[in-house]
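Worksheet: one structure, shown below.
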Amino acid sequence: VTLVDRSYSHLWKPLLHEVAAGTLNSHEGELSYLVHARTHHFQFRLGRVTRVDRATHCVHTDATRDDTGAEFVPARSFPYDTLILAVGSVANDFGVPGVKEHCHFLDRRRQADSFQQHLLRTFYTAVTQTTPLRPGQLGIAIAGGGATGVELAAELHHCAQELISYLFAGINIDRNIKITIIDAAERILPGLPAKLSAQVAEELVRLGIDVLTGERIAQARADGFLTAGGRVIPAETLVWAAGIKAPDFLAQIEGLECNRGNQLSVLPTLQTTRDKDIFAFGDCAECPLPDCSGMVPPRAQAAHQQASMLAKSMRCRLAGRRLPAYRYVDYGSLINMSRYSTVGSL
């Protein structure tokens, strides 16, 4: 068994908003792939997968470089008998102008660490400058009212209070710092029950966080977001958490079926529809629900359930037995509102 990944260690993605806000040290929750591999008797190989060659049953990786651009691990190829793709998802900017240039993303640990440093620099600049604060200078606008956007907003509110209490007594949190969540749906957390969504929205309002629903973002600028309705949300710190897609290289695997978001189409066994030797699960897979009412939602509990099933599936595959079919079980949802509250249903 060989695990190939672009990073040295794993940090659970739902924790990245805490790293970004500075309320969690990114080293505390990380899992070393080398240690994990030695403990559980598999091989770890460092590299970013760029291509899968189905004809030769090989996975190809790019050269790995340091921060200066110097190569320290060459491009390599790894043969496979069975390939399991678990590459997750990245933010989908939907081609909105200015998003790539002006927005922060929280797909990887490095991005979360970078955002946390940006936040500190922004506050230090504000407290040491001799001119009045610009409109939106300490404003934070978050595109996307899903779990990531909501939990990040609450964590940033807590972070701002902590920073002011320690270093920035001259800044008024209510007057100078405005956190805004913008979503095109009619309510935040549209994938969760309406009652749960309403409870979270009520808690956000209590914290003084603005929630704008039914607003589609048309452009991201250096000084804020512009909505399709012509509304301007002033903020010099912009975060994009408005949707996901699978990595682009999946759509380039010749012969495999995928959707517009690069997710590979899989059978209930989690085998890709056109290649029984390639499996996919988690956010990078489009798996139908058993009743054909839709697709399995891209949630951590779904990926966890699929991983548990695939461990059994690999034993069945090696023994020549029939593979089990995945059935999604929804165990409920919890939305962590930083130190203030947790809202959910189980």
### Task
Determine whether segment 286-297 contains at least one residue that is within 19 Å of PHE105 (Cα to Cα) and among the polar types (S, T, N, Q).
no
### Query
Does GLU286 satisfy the condition of being modelled with pLDDT of 95 or more, among the acidic types (Asp, Glu), within 22 Å of ASP5 (Cα to Cα) and more than 15 Å from the chain's Cα centre (by Cα)?
yes
### Message
Every residue in segment 36-67 that is under 26 Å from the mean Cα position of the chain (by Cα) and exposed (fewer than 11 other Cβ atoms within 10 Å of the Cβ), please.
### Response
ASP66, ASP67
### Query
Looking at ILE278, ILE233, which one is in contact (Cβ under 8 Å) with a residue 40 or more places away in the chain, under 28 Å from THR122 (Cβ atoms) and assigned to a strand (DSSP E or B)?
ILE233
### Query
Within segment 94-106, can you find the residues that are within 28 Å of TRP12 (Cβ to Cβ), open to solvent by 30 Å² or more (accessible area, probe 1.4 Å) and in contact (Cβ under 8 Å) with a residue 60 or more places away in the chain?
PHE94, HIS102, HIS104, PHE105
### Task
Starting from segment 80-93, take each residue that is under 15 Å from PRO298 (Cα atoms) and in a loop (DSSP other than H, G, I, E, B) and list its partners that are open to solvent by 40 Å² or more (accessible area, probe 1.4 Å) and of a type in the set (A, V, I, L, M), counting only C-beta distances under 8 angstrom and pairs at least six apart or across chains.
ALA86/ALA307; SER89/ILE244; ASN92/ALA242; ASN92/ILE244
### Query
out of contact with any Lys or Arg (no Cβ under 7 Å at 6 or more places or on another chain) and among the aliphatic types (A, V, I, L, M), is that true of LEU11?
no
### Query
So is ALA21 surrounded by 14 or more Cβ atoms within 10 Å (Cβ to Cβ), of a type outside the set (S, T, N, Q), farther than 23 Å from ILE253 by Cβ and touching a Cys at 6+ places or on another chain (Cβ under 9 Å) or not?
yes
### Task
For segment 138-158, state whether one or more residues are farther than 26 Å from SER341 by Cα and over 17 Å from the mean Cα position of the chain (by Cα).
no
### Task
Being surrounded by fewer than 14 Cβ atoms within 10 Å (Cβ to Cβ) and in contact (Cβ under 8 Å) with a residue 40 or more places away in the chain narrows it down to one of ALA325, ALA311, so name that one.
ALA325
## Note on the structure
Of (1) surrounded by fewer than 15 Cβ atoms within 10 Å (Cβ to Cβ); (2) more than 25 Å from the chain's Cα centre (by Cα); (3) not acidic (Asp, Glu), GLY294 satisfies every one except (2)
### Task
Could you grab me the full set of residues in segment 200-230 that are in a loop (DSSP other than H, G, I, E, B), surrounded by 16 or more Cβ atoms within 10 Å (Cβ to Cβ) and not aliphatic (A, V, I, L, M)?
GLU215, ASP223
### Search result, residues across segment 164-181 that are touching a residue at least 40 places away in the same chain (Cβ under 8 Å), polar (S, T, N, Q) and more than 23 Å from ASP93 (Cβ to Cβ)
ASN176
### Query
Which of the residues spanning segment 116-167 are among the hydrophobic types (A, V, I, L, M, F, W, C), open to solvent by less than 30 Å² (accessible area, probe 1.4 Å) and assigned to a helix (DSSP H, G or I)?
LEU119, PHE123, ALA126, VAL150, LEU152, ALA153, ALA154, LEU156, CYS159, ALA160, LEU163, ILE164
### Query
List pairs: first in segment 138-163 and without any contact (Cβ under 8 Å) to a residue 60 or more places away in the chain, second open to solvent by 20 Å² or more (accessible area, probe 1.4 Å) and outside any strand (DSSP E or B), Cβ under 7 Å, 6+ apart or cross-chain?
ALA160/ILE173; GLN161/ILE173
### Task
Evaluate the following for LEU189: is it among the hydrophobic types (A, V, I, L, M, F, W, C), part of a loop (DSSP other than H, G, I, E, B), in contact (Cβ under 8 Å) with a residue 24 or more places away in the chain and open to solvent by 50 Å² or more (accessible area, probe 1.4 Å)?
no
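The values are calculated or read from the model by the stated rules, or taken from the named source; none is laboratory data. Keep in mind the model is a prediction, meaning the values are calculated, not measured. Heads up, the Cβs are rebuilt from the backbone with ideal geometry, glycines too, and the neighbour counts pull from every protein chain shown. Only protein heavy atoms, including side chains, enter the accessible area calculation; ligands, DNA and RNA are left aside. Shrake-Rupley method; radii C 1.70, N 1.55, O 1.52, S 1.80 Å.
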